[in-house]
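The values are calculated or read from the model by the stated rules, or taken from the named source; none is laboratory data. What you are looking at is a predicted structure, and each value in this text was computed from that prediction instead of being measured. Cβ atoms come from the backbone with ideal geometry, glycine included; neighbour counts cover every protein chain shown.
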Amino acid sequence: MSGKPTPDELRREIVDVVSKNGGHLASSLGAVELTCALTDVFNPEHDRILWDVGHQSYAWKLLTKRRKPFSTLREFGGESPFVNPDESEADAFVAGHAGNALAAALGMAAARDARGGDEHVVAVVGDASLANGETLEALNNCAAITKKLILVVNDNAMAISPSRGAMARFLGRLISNVRYNRVKAAAEAAGHRLKLTFLRKAYHGLEQMIKSIWLGNTFFEQFGLRYVGPVDGHDLDALRNALTVAKEDKRGVVVHVITEKGKGFAPAESDPSRWHGVGPFDLSNPKAPPAPKKAGWSDVFGVALAEEARRDGRVCAVVAAMKDGTGLVDFAREFPNRFYDVGISESCAVTFAAGLAKAGERPVVAIYSTFLQRAFDQIMHDVCILNLPVVFAIDRAGCVGADGRTHHGMFDIPMLRCLPNISILQPRDASSLRAMLAAAFEHGGPVAIRWPRGVPASVPASSEPLAWGRARQVSAPDAHVQLWALGDQVPKALEAAELLSARGVEAGVVDAVFVKPFDAELLARQRTAGAFVASLENGAIAGGFGEAIGADVRFGWPDRFVGHGTVAELEREFSFTAKDVADGIASALRKAGR
């Protein structure tokens, strides 16, 4: 590509890089023309363009002086997987989670007004994010706080899966109003033929009259914002015109843009959910990578929850726009009346589940660790205070690899461990996950079960039944060094014990099973016998499991935000391999004179 690339050239480059590195494909392909129009109408180095989630931002990276590093997307030490202000001045704000763009843009607009600045502030928000509580709270304050803010609604009728709820239906009515859109299309066609760019204001004034006749006052105008649209999100001229109108208007403006997720890449157009986020694929035969032959943690959970639902008619599932990612597609199909998707509204999901539990149901909130932290107050205030039987099925707990610092699930243990009444467990294999889920329904209070991304590792099977609050001794119960490991860290602990044994240091391994309540009796017996205790957890060390048990040496993720790369690369960077564990224990023993 030379000069400013065309939309087709941008799409080719995006598909080429994602085919090699993996990434979020369908969303970025759908936003290409919109990105081109934004960079044509606004100055990325002066104006503030905020993206709601970085899934749609690959063309933005290419158009803001990052064509060369874009080939390293998601690689260790390479281009960030999401919008990253540390990487480029054009990235106005962090964008890993949905729902924050409008509130942050409102803050920037208020700061601009206070100092008399002239930069434009634009929030690009997906239609699914529009129903997020934080977005609605910001929308409620826009007219009161600033007179000039632009909200671009990128409407593709989808989050990862198709959008749901009243907001999606409202946007659909705006798009599908036949009479309005026929007149609007005829006016646009005439304008294009005559190239009446200088009459842009007059045209959009007429458009306002048409809308008032056939659509009435739109939802957005009730909030004091002018509504422009719907605009064809793949018509570059129409986009430039609409954005220019918004730029020149003295008021706050909403530009409603209709896009197609996966646009320009046939496989993603036909199945945008499957092509939302993909690993590397063969560009000569573009098929989404098949599911792993061995069931992953999410798959095991989905099957186990369906089994529990068949046994108990009170069992139900709650998700926040993550049915596919949490392994509940089959559950939703089998139990449609016991499956609830509240959209990108995690705090609502938790309190909704609390309401279900208070009314006698047995809800499971299936959610990624990084998204659960968006609902901390609801967990504390609405679930734990009432000691309600809500089960939190925490997927992607720990390091997730290439998605990086906004998506690592490293903070759920410190976040939850401080709350009274909640129990926290972590399985080491598929059978223990099934046992934990069954036990959680019997327990009667809040229970969190966490597991990492990927496929359960093969570890020695346990013949011991799950006992509440009890750990399992995996090896060498009498060793003077004991490695207390959580779930997926048990195989690493066993490998580290072997490395220590080769150095003449006998070490036992404990599958902790419970983060809270941990097995204080077993720990006390080991301490009484003079054991040196190490902890291993796929989570933050600060406030984590090792701190809870008072381990002599603690292994996990450091007190900083971890970047992107493969899990193996990041473990090497932060000295968290089996060899690092063995070396660290040996060093600590020497320092302690043991």
Q. So which helices (runs of 4 or more DSSP H) are wholly in region 475-594 and hold at least 2 residues that are under 31 Å from the mean Cα position of the chain (by Cα)?
A. 490-502, 545-549, 567-573, 578-591
Q) Can you name the condition, by its number, that ALA359 falls short on among (1) without any contact (Cβ under 8 Å) to a residue 12 or more places away in the chain; (2) in contact with a Lys or Arg (Cβ under 8 Å, 6 or more places away or on another chain)? A) (2)
Q.
I want to confirm something. Restricting to region 440-474 and keeping residues that are assigned to a strand (DSSP E or B) and among the charged types (D, E, K, R), which single residue is nearest to LEU523 (Cα to Cα)?
A. ARG472
Q.
Please list, ordered by residue number, the helices (runs of 4 or more DSSP H) wholly in region 1-89 having 3 or more residues that are touching a residue at least 60 places away in the same chain (Cβ under 8 Å) and surrounded by fewer than 19 Cβ atoms within 10 Å (Cβ to Cβ).
A. 7-21
Q) Between a first residue in region 519-530 that is closer than 14 Å to GLY550 by Cβ and acidic (Asp, Glu) and a second residue that is at pLDDT 95 or above and part of a helix (DSSP H, G or I), which pairs have beta carbons less than 6 Å apart while being 6 or more apart in sequence or on different chains? A) none
Q) So which pairs qualify, if the first residue must be in region 411-437 and in the same structural domain as VAL390 (by TED's automatic domain parsing) and in a strand (DSSP E or B), the second must be among the aliphatic types (A, V, I, L, M) and buried (at least 20 other Cβ atoms within 10 Å of the Cβ), the Cβ gap must be under 6 Å, and the two must be at least 6 apart or on different chains? A) SER423/VAL447; ILE424/LEU416; ILE424/ALA448; ILE424/VAL515; LEU425/MET436; LEU425/ILE449
**Q.** Condition check for TRP297: surrounded by 17 or more Cβ atoms within 10 Å (Cβ to Cβ) and closer than 30 Å to PRO389 by Cα
**A.** yes
Q.
Can you find a residue that is of a type in the set (Gly, Ala, Ser) and buried (at least 21 other Cβ atoms within 10 Å of the Cβ) anywhere in region 552-569?
A. yes
Q: Those residues that are more than 19 Å from the chain's Cα centre (by Cα) and under 22 Å from ALA131 (Cα atoms), I need them from region 339-376; list them, please.
A: PHE339, THR351, PHE352, ALA353, ALA354, GLY355, LEU356
Q) If you check ARG554 against the conditions, is it in contact with a Cys (Cβ under 9 Å, 6 or more places away or on another chain) and either closer than 16 Å to ASP580 by Cβ or in contact (Cβ under 8 Å) with a residue 60 or more places away in the chain (or both)? A) no
Q) Can you find a residue in region 406-421 that is modelled with pLDDT of 95 or more, over 21 Å from GLY550 (Cβ atoms) and surrounded by fewer than 18 Cβ atoms within 10 Å (Cβ to Cβ)? A) yes
